[in-house]
Amino acid sequence: MRTLLRAVALVIVVGVLAFWFFTGMNRGWTKTSVAHKEKDPVTEIEVDRYEKKFVPGLDFLAAGLALAVLAGGSSFLFRKKA
Amino acid sequence: MKKFTLLLAAVSLNLAAFVNAETFDFKDPKGVNNVVFRTDAPLESINGTATGVSGTVEFDPANPGSLKGKIVVDAASLRVPNSMMQGHLQGPMWLDVKQFPEISFEAASVDNVKTDGNKTTADVTGTMTIKGVSHKITVPVQLTYLKDKLKDRLPMLQGDLLVIRAKFTVKRSDYGINKGQGEDKVSDDIALELSIAGQSPH
């Protein structure tokens, strides 16, 4: 059980870090939609158009790492097999 | 008789000014009209956009100082990039959009009018209402009058366009928006940037 929990913790750490890294290393809040600018050619007014997209932020990273610490930490509750 | 003639002339001039004023409708069929808000918070500033703009403005290109009208923003149209944050923003602690569905600004007077070509800058004083609380504020605006340009946006219609841009700041505590709460986390100042175009078909 100890080994399993530590393996789970490791998978969470690697998974969360990789996901955060490969989705653009967003150092702000997690986003569930992303804005892109659109300009009206006549009035020259720019407007943000939102499209659904999950972009993990530092809060996602912190929550993932906290979960990993919880999993790894709880492994110490189990005794080593004799 | 001379006095009567002068009075008649003055009334005629005023009527002429009134007649020349065009009414611009700011309900944009293309959904481009928007108000951007920005406020400082830990990690990064919170930015959002509201596109539910409506209202009418009377504007006379020959007499920009006579401008009057009301712009209304549908509070529920406000979007931020995080759905949980959006829920909080529209909830009872912040904008309470169910009870107060409209944010509005009604112009009362115009000062410091300067016109250069089709562009006019002015300070517009009026009543800003957010979450049911009204305050008189003065907003610097830029007006761009685009004569006969409506057909370029909407080919079925002939008419003029009026673009209004404004940047100003309000304090959320003035309007009872989560007053006194979390100002260490989310700034009391909310920067607003208005970019809207109205149409006057003829």
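Which GluC sites (Glu not before Pro) in the range B:22-76 pass both tests, a DSSP loop state and at most 14 other beta-carbon atoms within 10 Å? Let's see the in-between values first.
Values: sites: B:Glu22, B:Glu44, B:Glu58; in loops: B:Glu44.
Hits after loop and neighbour filter: B:Glu44.
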Please report the relative contact order for chain B, taking Cα pairs under 8 Å with a sequence separation of at least 6, and give it as a percent rounded to a whole number.
20
With the charge dipole of the range B:79-162 built from beta-carbon charges (+1 for Lys and Arg, -1 for Asp and Glu) about the Cα centre, the Cα from B:Gly126, B:Gln158, B:Gln142 projecting farthest to the positive end belongs to B:Gln158
Rounded to 10°, Cα long-axis angle of helix B:2-20 versus longest principal axis of chain B
50
So how many Å³ per residue does the convex hull of the Cα atoms of the protein assembly as shown work out to?
164
Within the range B:69-106, which trypsin sites (Lys or Arg not before Pro) sit in a loop by DSSP and count at most 15 neighbouring Cβ atoms inside 10 Å?
B:Lys98
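Considering only DSSP states other than H, G, I, E and B, which trypsin sites (Lys or Arg not before Pro) in the range B:142-202 qualify as loop sites with at most 16 other Cβ atoms within 10 Å? Could you put the intermediate results ahead of the total?
Numbers: sites: B:Lys147, B:Lys149, B:Lys151, B:Arg153, B:Arg165, B:Lys167, B:Lys171, B:Arg172, B:Lys179, B:Lys185; in loops: B:Lys147, B:Lys149, B:Lys179, B:Lys185.
In loop regions of the range B:142-202 (DSSP not H, G, I, E or B), the sparsely surrounded trypsin sites (Lys or Arg not before Pro) are B:Lys147, B:Lys179, B:Lys185.
Would you mind finding the longest exposed-site-free stretch of chain A, with exposed trypsin sites (Lys or Arg not before Pro) meaning DSSP loop and at most 14 other Cβ atoms within 10 Å? Mind dumping the intermediate values first?
Numbers: sites that count: A:Arg27, A:Arg79, A:Lys80, A:Lys81.
Here the longest run is A:28-78.
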Placing +1 at every Lys and Arg Cβ and -1 at every Asp and Glu Cβ, with all other atoms neutral, what dipole size does the protein assembly as shown have around its Cα centre, in debye to the nearest 20?
1220
Roughly how big is chain A's charge dipole about its Cα centre, with Cβ charges of +1 (Lys, Arg) and -1 (Asp, Glu), in debye to the nearest 20?
940
Farthest toward positive dipole pole in chain A [+1 Lys/Arg, -1 Asp/Glu at C-beta], among A:Trp29, A:Leu5, A:Leu17
A:Leu5
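Please tell me which of these pairs span more than 27 angstrom C-alpha to C-alpha: B:Lys27/B:Lys119; A:Lys53/B:Lys179; B:Lys98/B:Lys136; B:Lys119/B:Lys171?
Values: B:Lys27/B:Lys119 22 Å; A:Lys53/B:Lys179 32 Å; B:Lys98/B:Lys136 24 Å; B:Lys119/B:Lys171 29 Å.
In this structure, A:Lys53/B:Lys179; B:Lys119/B:Lys171 lie more than 27 Å apart at Cα.
Only helical DSSP H runs with n ≥ 4 go in: add -39500 (n - 2.57) per run for chain B, normalise by residue count and round the 222 nm mean residue ellipticity to 500 deg cm²/dmol.
Numbers: 3 runs with 31 residues, N = 202.
Per the formula, -4500 deg cm²/dmol.
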Using R₀ = 22 Å, calculate the FRET efficiency as 1/(1 + (r/R₀)^6) where r is the Cβ-Cβ separation of B:Asp25 and B:Asn112; round to 0.05.
0.25
For all pairs of alpha-carbon atoms in the range B:16-157, what percent lies in each bin of width 10 Å, listed from the first bin to the last filled one?
10, 34, 33, 18, 4, 0
Rounded to the nearest 10 degrees, the helix A:2-22 long axis (Cα) sits at an angle to the longest Cα principal axis of chain A of 20
Which one, B:Met84, B:Ile71, B:Val57, projects farthest toward the positive side of the charge dipole computed for the range B:19-167 from Cβ point charges (K/R +1, D/E -1)?
B:Met84
Using the crude model of +1 on Lys and Arg Cβ and -1 on Asp and Glu Cβ, and no other charge, please compute the dipole size for the range B:70-202 relative to its Cα centre, in debye to 20.
240
Please report, in whole Å, how far the alpha carbons of the range A:1-60 spread along each principal axis, starting with the longest.
65, 16, 16
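Given the C-alpha atoms of the range B:134-202, compute the convex hull and give its volume per residue in Å³. Walk me through the numbers on the way to the answer.
On the way: hull volume 8.3 nm³, N = 69.
So the per-residue Cα hull volume is 120 Å³.
Bear in mind these aren't lab numbers, they're just calculated from the coordinates by the rules spelled out. These figures come from a predicted structure and were not determined experimentally. With ideal geometry, Cβ positions are generated from the backbone for all residues, glycine too; neighbour counts draw on all protein chains shown.
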